[in-house]
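Undergrad: I am attaching a structure below and will ask some questions about it afterwards.
The values are calculated or read from the model by the stated rules, or taken from the named source; none is laboratory data. Treat the numbers as computed from the prediction; the structure is a model and nothing was measured. Note that each Cβ is placed from the backbone with ideal geometry, even for glycine, and that neighbours are counted across all protein chains shown. Each accessible area value is taken on the protein alone, full model and side chains, heavy atoms only, with ligands, DNA and RNA left out. Shrake-Rupley method; radii C 1.70, N 1.55, O 1.52, S 1.80 Å.
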Amino acid sequence: MSTTTAASVPLDETPLAGVTTVIDKKAPVLFGALTIGLLLLVLLAGESGDTTFRLATGTDFFEIPEITVPSIATTWLMVAICALCTAWSVRLYLARRRTPMWLVVVFALMWMIGFLTWAATGATIPVVGLLAGSLALAVPLVFGALGGVLGERAGVVNIAIDGQLLAGAFAAALVGSIVGSTWAGVGASMVAGMLVALLLGLFAINYFVDQVIVGVVLNVLVIGLTSFMFTQVLAPNAADLNHPPRFEKIPIPVLGDIPLIGPIFFRQTAIVYVLYITVALVTWALYRTKWGLRVRSVGEHPKAADTVGIKVNATRWRTILLAGAIAGMGGAFYTLVSVPQFNREMTGGAGYIALAAVIFGQWDPIRATLAALLFGFASNLQGVLSVIGSPVPSQFMLMLPYVVTIFAVAGLVGKSRAPASVGIPYRKG
C-alpha cells in the first residue's frame with residue numbers, strides 16, 4: 001500500500017482505492033478557532049452602532065460612495081459565512097480532500113470584514129489608506145522575500161535577510177546624505193546587501209559552515225556594526241551624514257486616478273515601482289530562462305546539475321550575491337522613504353518576517369510577495385485601528401503582525417516542500 005500527501009491529490013478527484021491519503025487538518029481547525037474567536041467578540045464585546053467603509057479619495061475619476069453597515073448584524077453575518085466555510089473545510093477533510101486556496105481566501109476576507117466591522121463600530125475605516133499603507137509597509141518585506149526565494153532556490157538558506165536590510169538602510173542613509181541623491185543611496189544599499197551576502201557565501205559555500213548559524217551571526221554582526229557606526233559617526237554628524245533626501249510620491253497619470261486601485265498601486269514612490277518591475281523580472285527569470293533552470297537545478301539536485309556541466313557553487317555564488325543586492329535595496333526604503341535618517345535596529349526583525357513570507361509563499365516569488373503583503377496589512381492595521389479609537393487593546397495590535405506570521409506559516413501553508421538541497425553544502429568529488 002502506498003502513501004501520498006495532500007499535495008499530490010487533485011482537488012476534483014476522489015483518492016483511488018487502495019491508496020492511503022494523508023490530509024492536513026490544520027485548515028479546518030484554524031477556521032474553527034478563528035470563527036469561535038469572532039463569535040466571542042460579538043457576544044462578549046459587541047456594541048450597537050454603524051461602521052463606515054470609505055472607498056474613495058478626492059482625486060478619483062468618480063467617487064465610490066461610502067458603505068455604512070450595522071455593526072452587530074454585519075458581524076453576525078460574517079460569523080455565519082465563516083461557519084459555513086469551516087463546515088465545508090471539515091467536510092472536505094472527512095472526504096480526504098484538501099481545503100482549496102480559494103476557500104482560504106474567502107474565509108480570510110469574510111473574517112477580516114467581520115473583525116473590522118466590530119472593531120470600528122461608530123467610526124470610519126479609510127480602506128484606501130489602509131491598503132496603500134499596507135503596500136508601503138510591505139515593500140522591504142517583499143524585497144527581502146525575493147532575496148530569500150532566490151537564495152533558497154539555489155540551495156542557500158538566507159537567514160541573513162535582516163542583516164542585508166539593515167546594512168542597506170545604513171548605506172542608503174550615509175551615501176544618500178553625502179552625494180545628495182536618492183538613487184545613489186539605492187545603489188549603495190545594493191552594494192551593502194551584496195557585502196553581507198558575500199560573507200554568507202564565503203562561509204556557507206566555500207567553507208561548508210552551517211548556513212543557519214552563519215546567517216544568525218551575520219545578523220548580529222550587522223546590528224553591532226551599524227549601531228557602533230551610528231553612535232560614533234552618524235549621530236555626531238547627523239546634518240551631513242544622516243540626512244538623506246527622500247523619494248517623493250509620483251502619481252502615474254490616468255492609472256493613479258482609477259477609483260480604489262489607483263491610489264493604492266499608482267500613487268507610490270519610485271522605489272515601489274521598481275519593486276513591481278523586480279517581482280516581474282525575478283519571476284520571469286526563475287521560470288522562463290536558462291539561468292533560472294540552472295538555479296533551480298542546483299537547489300534541487302546539485303549532483304545531477306554537476307554531471308551535465310553546471311557549475312554548482314559558481315551558480316550559488318552568483319545567485320546569493322544577486323539575492324543580497326535585492327534585499328539590500330529593500331533596506332533603502334527605510335531611510336529614503338519611511339524615515340529620512342538611519343536609526344539603530346530600525347528594521348525591527350523584518351528580515352525574519354520576510355523569511356516567513358518565503359516559507360508561506362512556498363518558495364515562489366509571486367506567492368512570497370502576496371505573503372509579504374499580508375504581513376504588511378497586519379502591520380498597518382494596528383496603526384489604523386489605534387487612530388480610530390478601536391477597543392482592541394494596543395498590546396494585541398502590536399503583536400498582530402507576528403501572530404499573523406505564526407498562523408500563516410503554521411496553519412495555512414499545509415503541505416509544502418522546500419528545495420531538496422537547501423542548506424546542504426555541495427562538495428564536488
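Undergrad: What does the accessible area per residue of the chain come to in Å², with a 1.4 Å probe and no ligands, DNA or RNA counted?
TA: Computed with neighbouring chains in place, this is 46 Å² per residue.
Undergrad: Right, another one. Kindly rank 186-198, 344-356, 292-304 from highest to lowest mean number of other beta carbons found within 10 Å of each residue. Each step should come with its number before you reach the end.
TA: Numbers: 186-198: 24.9, 344-356: 22.3, 292-304: 19.4.
In decreasing order of mean packing, 186-198, 344-356, 292-304 become 186-198, 344-356, 292-304.
Undergrad: Subtract the Cα-Cα distance of Ile424 and Thr52 from 0.36 nm times their separation in residues, and report this length gain in nm to one decimal.
TA: Details: separation 372, 0.36 × 372 = 133.92 nm, distance 5.27 nm.
Result for the pair: 128.6 nm of gain on full extension.
Undergrad: With every protein chain left in place and a probe of 1.4 Å, what is the accessible surface of Arg91, to the nearest 10 Å²?
TA: Per-residue accessible area (Arg91): approximately 150 Å².
Undergrad: If amide hydrogens are placed 1.01 Å from N in the peptide plane, which non-local residues have theirs closer than 5 Å to the one on Thr269?
TA: Ile250
Undergrad: From the phi of every residue in the stretch 151-158, what ³J(HN,Hα) in whole Hz does the Karplus formula 6.51 cos²θ - 1.76 cosθ + 1.60 yield, where θ is phi - 60° and glycine or proline is x?
TA: For the stretch 151-158, the Karplus-derived couplings read x, 6, 5, 8, x, 10, 6, 9 Hz, x marking Gly and Pro.
Undergrad: Students often check this: by mean Cβ neighbours within 10 Å, which of 225-238, 134-147 ranks highest, and how do the rest follow?
TA: Numbers: 225-238: 15.1, 134-147: 28.2.
Top of the packing list down: 134-147, 225-238.
Undergrad: Further question on the same structure: Under a 5 Å amide H to amide H cut-off, with H placed in plane at 1.01 Å, what residues pair with Ile125 once short-range neighbours are removed?
TA: Thr52, Phe53, Arg54
Undergrad: Another question, then. Out of the total accessible area of the stretch 64-157 (probe 1.4 Å, heavy atoms of protein only), what percent is carbon and sulfur?
TA: On the way: 2730 of 3620 Å².
Within the stretch 64-157, the accessible surface is 76 percent carbon and sulfur.
Undergrad: Which whole-Hz ³J(HN,Hα) couplings does the stretch 309-326 yield from phi under the Karplus relation 6.51 cos²θ - 1.76 cosθ + 1.60, θ = phi - 60°, glycine and proline marked x?
TA: With the stated coefficients, the stretch 309-326 comes to x, 7, 7, 4, 5, 5, 5, 5, 4, 4, 5, 5, 5, 5, 4, x, 5, 5 Hz.
Undergrad: For Tyr287 and Leu221 in one chain, what is 0.36 nm times their gap in residues minus the Cα-Cα distance, to one decimal in nm?
TA: Values: separation 66, 0.36 × 66 = 23.76 nm, distance 3.43 nm.
20.3 nm is the gain from fully extending Tyr287 to Leu221.
Undergrad: Choose one of Val358, Pro236, Leu225: the residue whose Cα lies farthest towards the positive end of the charge dipole of the chain (beta-carbon charges +1 Lys, Arg; -1 Asp, Glu; about the Cα centre).
TA: Selected residue: Val358.
Undergrad: Count the lysine pairs in the chain whose Cα atoms sit under 24 Å apart, keeping only pairs 8 or more residues apart in sequence or on different chains.
TA: On the way: Lys25/Lys415; Lys26/Lys415; Lys290/Lys303; Lys290/Lys311; Lys290/Lys428; Lys303/Lys311; Lys303/Lys428; Lys311/Lys428.
Pairs that pass both the separation and distance tests number 8.
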